[in-house]
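The values are calculated or read from the model by the stated rules, or taken from the named source; none is laboratory data. Keep in mind that this is a model prediction, so the values were computed, not measured. Here the Cβ is made from the backbone with ideal geometry for all residues, glycine too, and neighbour counts use every protein chain on show.
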Amino acid sequence: MRASWLAALGLELTRIARAEAGASIAAARVARANVTFGPPKSAASVLLPAGAGRDDRDVRCALEDRLHPIVAKTQLSPNVTRLVIEAPRIAQIRKPGQFVIVRAAEGSERIPLTIADADVARGTITLVIQAIGKTTSDLVALAVGDAIRDVAGPLGLPTELLDHGHAVCVGGGVGTAVVYPIAQGLHAAGVKVTSVIGGRSREWVMLEDELRAAGEVVVCTDDGSYGRSGFVTQALADLLADGGIDAVYAVGPVPMMRAVAELTRPLGVRTIVSLNPIMVDGTGMCGGCRVTVAGETRYACVDGPEFDAHSVDFAELSDRLSTYRDFEKSALERRQCATTVPPEPAASTAGATR
Ligand code: FAD
Ligand code: NAD
Ligand code: FES
């Protein structure tokens, strides 16, 4: 199934490239229309002449060739920033659980980020970014008015939402931003939602007010500086003990998702986790995001990113996430050197007189 989809997509991409290389704008637009997701919109274009009409290039394989201005920026925790960016067509068609692949500027690395929210009327999507490496640091250094080069999406399968009953949404740290659209979707479907969110201490807790709009919220901090003291898993264990939970959706550090799976497994409570392997193309072609689920190789970008927590090989995921740690560390160090202005040399005091 995937093979035939990929073959068709590859064919279309080749046609687009050929049409554009032949400077046949009309042919390029026809070819692009075949891989366009969602209804067309009007937008400025760098390839089409001004006034040429609709831009049909909001497609899901890094073909969107439009800048995405940042319209709002907020600091949510010491290393987490919320950016609201223009991406009208993605805003129209995205669903909870989906993500985009973002390239900050020409030549930048492409990284996956969850679509944390969207405003169809304003034509914007919200990204919540934890600055942990070079590319995420570059992104959060952008200011309102700056623009992101490419945003491809929505990618990944939408969340399988319950349609009744009681769901618990567990968010650890920046994972709260990933679980937020799921809580919104469940609430909109009429499901009772309890969110359990955690941070190292008070200033690391995020989106509490936004999640309250979807239901009850239990806040936890590791040091007890706000809400309950302890990990989110301790609060979840209490909720599970009370019974009546139909599903748990959990996103956060791998050890947290693994601990959640071990809590719900003996109770047989359906548990969904959103996996975050390293991704490259986001279209199922490179194999970078492969994970093992129920003993089978799956590609998180096209088969996920959400999977049944009880079937995930978390040890392999942790291992694969650390594969490029040395390269990532040196990329961040090079960025820090490049962005640190050396101090002015101290004025010489030789010969100074009082
Ligand atoms: P790198 O230099 O690549 O890495 C720095 C450190 O982060 C290293 O320790 C490395 O092991 C670790 N790291 C690298 N890639 C990942 C990863 N995929 N997940 C976890 N740790 C990683 N991050 C957000 O802040 N907000 C989101 O909404 C978000 N959504 C995601 C959705 C999906 C489907 C996936 C797969 C990942 C998501 N991530 C999200 C993680 C984000 O893509 C990575 O943090 C980012 O690629 C790191 O890039 P970097 O160059 O800044 O850091
Ligand atoms: P963090 O390390 O500060 O932990 C946040 C909370 O998670 C803690 O307060 C605690 O309640 C819980 N937690 C942590 N370790 C736990 C454990 N061993 N057992 C039980 N609960 C535990 O989180 P952070 O620095 O914000 O990092 C968030 C993590 O989320 C990153 O590791 C990143 O890989 C992951 N992430 C996942 C996705 C995704 O799509 N799956 C997206 C973005 C980030
Ligand atoms: Fe390349 Fe998923 S990111 S196969």
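Among what's in region 253-270 and is within 22 Å of His164 (Cβ to Cβ) and not in a helix (DSSP H, G or I), pick the residue that is farthest from ligand 1 (Cβ to nearest atom).
Gly268
Return yes when Val293 is at pLDDT 95 or above and in the same structural domain as Val178 (by TED's automatic domain parsing) and no when it is not.
So Val293 does not fit the description; no.
Please tell me if Ala309 is away from ligand 3 (no atom under 16 Å from the Cβ) and without any contact (Cβ under 8 Å) to a residue 40 or more places away in the chain.
Against the criterion (away from ligand 3 (no atom under 16 Å from the Cβ) and without any contact (Cβ under 8 Å) to a residue 40 or more places away in the chain), Ala309 does not qualify.
Could you please tell me which pairs satisfy a Cβ distance under 7 Å, a separation of 6+ or placement on different chains, a first residue in region 275-287 that is under 24 Å from Pro255 (Cα atoms) and within 6 Å of ligand 3 (Cβ to nearest atom), and a second residue that is assigned to a loop (DSSP other than H, G, I, E, B) and at pLDDT 90 or above?
Note: pairs meeting the criteria are Met279/Gly288; Met279/Cys289; Val280/Cys286; Val280/Gly288.
Within region 113-129, which residues are surrounded by fewer than 18 Cβ atoms within 10 Å (Cβ to Cβ) and either farther than 21 Å from Leu155 by Cβ or within 8 Å of ligand 1 (Cβ to nearest atom) (or both)?
Result: Ala121, Arg122.
Condition test on Asp138, is it of a type outside the set (Gly, Ala, Ser) and outside the structural domain of Val248 (by TED's automatic domain parsing)?
It is true that Asp138 is of a type outside the set (Gly, Ala, Ser) and outside the structural domain of Val248 (by TED's automatic domain parsing).
Do we find a residue being more than 12 Å from ligand 1 (Cβ to nearest atom) and in contact with a strand residue (DSSP E or B) (Cβ under 6 Å, 6 or more places away or on another chain) anywhere in region 273-280?
No, there is no match, as no residue in region 273-280 is more than 12 Å from ligand 1 (Cβ to nearest atom) and in contact with a strand residue (DSSP E or B) (Cβ under 6 Å, 6 or more places away or on another chain).
Run down Glu203, Glu210, Glu106 and say which single residue is among the acidic types (Asp, Glu) and over 20 Å from Thr81 (Cα atoms).
Answer to the selection: Glu106.
Can you tell me which residue within region 231-252, out of those that are assigned to a loop (DSSP other than H, G, I, E, B) and within 26 Å of the chain's Cα centre (by Cα), is surrounded by the fewest Cβ atoms within 10 Å (Cβ to Cβ)? I'd like the intermediate steps shown before the answer.
Quick first cut of region 231-252, residues assigned to a loop (DSSP other than H, G, I, E, B) only: 231, 243-246, 252.
If we keep only those that are within 26 Å of the chain's Cα centre (by Cα) as well, we get 231, 246, 252.
Working: Phe231: 20, Asp246: 14, Gly252: 26.
It comes out as Asp246.
For residues that are out of contact with any Leu (no Cβ under 8 Å at 6 or more places or on another chain) and in a helix (DSSP H, G or I), scanning just region 175-195, find the one that is surrounded by the fewest Cβ atoms within 10 Å (Cβ to Cβ).
Ala188
Would you point out the residue of region 281-315, among those that are in a loop (DSSP other than H, G, I, E, B) and away from ligand 1 (no atom under 15 Å from the Cβ), that is surrounded by the fewest Cβ atoms within 10 Å (Cβ to Cβ)? Don't jump to the end; show me each part of the working.
Residues of region 281-315 in a loop (DSSP other than H, G, I, E, B): 281-289, 294-295, 304-305, 313.
Now drop any that are not away from ligand 1 (no atom under 15 Å from the Cβ), which leaves 285, 294-295, 313.
On the way: Met285: 16, Ala294: 11, Gly295: 7, Asp313: 14.
Top of the filtered list is Gly295.
For region 271-280, enumerate the residues that are surrounded by 18 or more Cβ atoms within 10 Å (Cβ to Cβ) and either over 14 Å from the mean Cα position of the chain (by Cα) or in a loop (DSSP other than H, G, I, E, B) (or both).
Thr271, Ile272, Leu275, Asn276, Pro277, Met279, listed by residue number.
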